[in-house]
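Enquirer: Supplied in structure tokens, the structure appears directly below.
Just so it is clear, none of the values below were taken in a lab; they were calculated from the coordinates. From a predicted model like this one, the values you see are computed outputs, not experimental measurements. Here the Cβ positions follow ideal geometry from the backbone for every residue, glycine too, while neighbour counts run over all protein chains shown.
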Amino acid sequence: MRFSFTRLDTYRRCPFQYKLRYHEHVPGQPRPGTRLAVALHAALAAFYRDSAAMPYPDDLLGAFDAQWPAELTERDVRAMEEGRALLVDYFRRQGDQWPKVRFVEEPFRLELGRHTLVGTLDRVDELPDGTLQIVDYKTARTPPRAPDTFQLDVYQIGLAAKAGELAARIVFEYLRHGTQYVVEVDDRNIARTLDRLSAVLAAVEGDDTLAPRAGEHCRQCDYAAYCPARTARPLPIPVAAPEGQLALGL
Ligand code: SF4
């Protein structure tokens, strides 16, 4: 089976939500910020792919503007204004400290027994001492918080599949908040990281019930109407849609 971080994380949050999304292919609600998030990621990728020794803000803004169609809705115009302001702030915060970039939007794929782990690393830099740093852009409005160690493991294994080593630092770049959350990695043992990841894969595979796991996350769940843990009379689960209708996630 093919897994991504998003897919595994959905299972860890709630197996029933995972079942509806990935087994029954029930589409979730479109998110209004998705278009801006995609444009910001694409602009930063284009900017760092072509980055000059001394970049200019217009390089970044031009890359951002190129992500939008000629015909814009009012919501697009607002999103573009917001995105441009975020990128100007991002550029300013770099000062003259531009990274030595090793990978940009780098896809990875790793065979783990019967399973395949896939994903994309937003950016990987080489630090002055030769070690590597993963950078992950965050575009959500939710406040910065300590990252889930499982997310770190998935990124690390993805990097190991590309570069044969784990990163010494992982930086979560919160674009809407103008701040970073930096994790200095002490345990850079590939085998132990793989063991932790494999334990999650085994849990997904061995779960025959995929029962609801209610919690704080229920407030943002697209599937509450079908969920016996949230409503006394859940709606019947819709007939499965083709895989291609899933808008996001793997
Ligand atoms: S409402 Fe809560 S328990 Fe039910 S599927 Fe959603 S996240 Fe899971």
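Enquirer: Per the helix-only calculation at 222 nm, which mean residue ellipticity applies to the chain, given -39500 (n - 2.57) for every DSSP H run of n ≥ 4 and division by its residues, nearest 500 deg cm²/dmol? All intermediate terms of the calculation are to be shown ahead of the outcome.
Expert: Details: 7 runs with 90 residues, N = 250.
Computed ellipticity for the chain at 222 nm equals -11500 deg cm²/dmol.
Enquirer: Follow-up question, since we're still on this one. So what is the relative contact order for the chain, in percent, with contacts set as C-alpha pairs under 8 Å and at least six apart? Provide the component values of the computation, followed by the final result.
Expert: Values: 333 pairs, mean separation 63.6, N = 250.
For the chain, the relative contact order is 25 percent.
Enquirer: If you don't mind, there's one more thing I want to ask. If we count every other residue with Cβ under 14 angstrom of F108's Cβ, Lys/Arg +1 and Asp/Glu -1, where does the sum land? Write down the numbers at each step before the final one.
Expert: On the way: positive: R2, R102, R109, R123, K162; negative: E105, E106, E111, D122, D136, D153, E165.
Result for the local shell: -2.
Enquirer: Which residue, L121, A167, C221, has the largest displacement toward the positive end of the dipole of the chain when charges sit on each Cβ (Lys, Arg +1; Asp, Glu -1)?
Expert: The residue sitting most towards the positive pole is C221.
Enquirer: Highest first, please rank the peptides 18-30, 77-89 by the mean number of other Cβ atoms sitting within 10 Å of their residues. Walk me through the numbers on the way to the answer.
Expert: Details: 18-30: 17.1, 77-89: 15.4.
Ranking the peptides 18-30, 77-89 by packing returns 18-30, 77-89.
Enquirer: What value does the chain have for Rg/Rh, both radii from Cα atoms and Rh as Kirkwood defines it?
Expert: Numbers: Rg = 19.7 Å, Rh = 20.0 Å.
Value, to two decimals: 0.98.
Enquirer: Please name whichever of L112, A39, A232 sits farthest to the positive end of the charge dipole of the chain, dipole taken about the Cα centre and charges placed at Cβ: Lys and Arg +1, Asp and Glu -1.
Expert: The Cα lying farthest towards the positive end belongs to A232.
Enquirer: Under 20 Å from a label point 7 Å along Cα→Cβ of A140: give me every residue in the stretch 216-232 with its amide N that close.
Expert: 216-225
Enquirer: I would also like to ask the following. Identify, among F91, V200, L132, the residue whose Cα sits farthest towards the positive end of the charge dipole of the stretch 31-211, taking +1 on the Cβ of Lys and Arg and -1 on the Cβ of Asp and Glu, with the dipole about the Cα centre.
Expert: Value: F91.
Enquirer: Nearest 0.05, what FRET efficiency do R93 and D222 give at R0 = 30 Å with Cβ-Cβ as r? Please list the in-between numbers first.
Expert: Working: r = 34 Å, r/R0 = 1.14.
About 0.30, to the nearest 0.05.
Enquirer: Take the Cα pairs of the stretch 23-121, get the Kirkwood Rh, then feed it into Stokes-Einstein at 25 °C and 0.890 mPa s and tell me D in µm²/s.
Expert: Values: Rh = 15.8 Å.
Diffusion coefficient, whole number: 155 µm²/s.
Enquirer: To the nearest 20 Debye, how big is the dipole of the chain about its Cα centre, given +1 on the beta carbon of each Lys and Arg and -1 on that of each Asp and Glu? All intermediate terms of the calculation are to be shown ahead of the outcome.
Expert: Details: 32 positive and 35 negative charges, 173 e Å.
That gives the chain a dipole magnitude of about 840 debye.
Enquirer: Assigning unit charges at the beta carbon (Lys, Arg +1; Asp, Glu -1) and nothing else, what dipole magnitude in debye, to the nearest 20, does the stretch 47-97 show about its Cα centre? Don't skip to the end; give the middle numbers.
Expert: Values: 6 positive and 11 negative charges, 39 e Å.
It comes to approximately 180 debye.
Enquirer: Which three extents, in angstrom, do the Cα atoms of the stretch 114-250 have along their principal axes, listed largest first?
Expert: Per principal axis, max minus min of the Cα coordinates gives 59, 39, 28 Å.
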